[in-house]
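See below for the structure under consideration.
The values are calculated or read from the model by the stated rules, or taken from the named source; none is laboratory data. All of these numbers come straight from a predicted model, not from anything done at the bench. Using ideal geometry, Cβ is built from the backbone for each residue, glycine included, and neighbour counts are taken over all protein chains shown. To get the accessible areas, we keep the full protein, side chains included, count just its heavy atoms, and leave off ligands, DNA and RNA. Shrake-Rupley method; radii C 1.70, N 1.55, O 1.52, S 1.80 Å.
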Amino acid sequence: MCRKRFLTLSAGEHFDEEKGSVDEWIFGIARNNIRLEIRKRASRPGANGDLSTYLELIDTEPLPDELLENKETAEIVRTALSGLEDREQSVLRAKYIEGLSAGEIAKRLEVTEKAVHDLLYRARNSLRDRLKQLSRLNKQE
C-alpha cells in the first residue's frame, strides 16, 4: 500500500513528494513570487532620474531631524558620563568607544577580568541612573 504525503501551504497549493523534493517545491514558489513582484514593479510608472537619486539618498542618509536627535542624544550621554566617577567613565569609554575587550581593559587598569566585568556592571547602572536623573530634569523644564 502506497500512501502519498501532502503538505498544504494554503488553499489550492500542496506538496506532492512524488513530483519532487520539498526544497524544489519551496524554491518554485519563491521563484514565482519573485516573478510576480518583478512584473508589478515593471508596470508601475517610473520616476525621473533626479527623483530616484533623491529617494536613494533618503534610504541611506539620515534626515535632518534624525541628525539633530542623534546630536541631542550624544550630548545627553556626554553629560551623564561626565557625572560618573573617573574609573567608571574610563571603563565605559574603553569598552564602548575604544572597543576594547574586558581582558584588554583589565591589563590597562591592572586588575582582573572579573573586576572589569563588575566595574562595567556598576558603571552601566550608574550611567542608567544618571540618564534617568537628566531625563527627569529635562521634563521639569
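Assorted remarks:
- Count of residues meeting criterion [closer than 15 Å to Val116 by Cβ and in a helix (DSSP H, G or I)] in segment 87-101: 10
- For segment 102-123, the set of residues classified as open to solvent by 90 Å² or more (accessible area, probe 1.4 Å) and part of a helix (DSSP H, G or I) consists of Glu104, Lys107, Arg108, Glu113, Lys114, His117, Tyr121, Arg122, listed by residue number.
- Screening Leu84 with (1) modelled with pLDDT of 85 or more; (2) in a helix (DSSP H, G or I); (3) surrounded by 13 or more Cβ atoms within 10 Å (Cβ to Cβ) gives one miss only, at (2).
- Among the numbered conditions (1) out of contact with any helix residue (DSSP H, G or I) (no Cβ under 7 Å at 6 or more places or on another chain); (2) in a loop (DSSP other than H, G, I, E, B); (3) modelled with pLDDT of 80 or more, the only one that Ile34 does not meet is (2).
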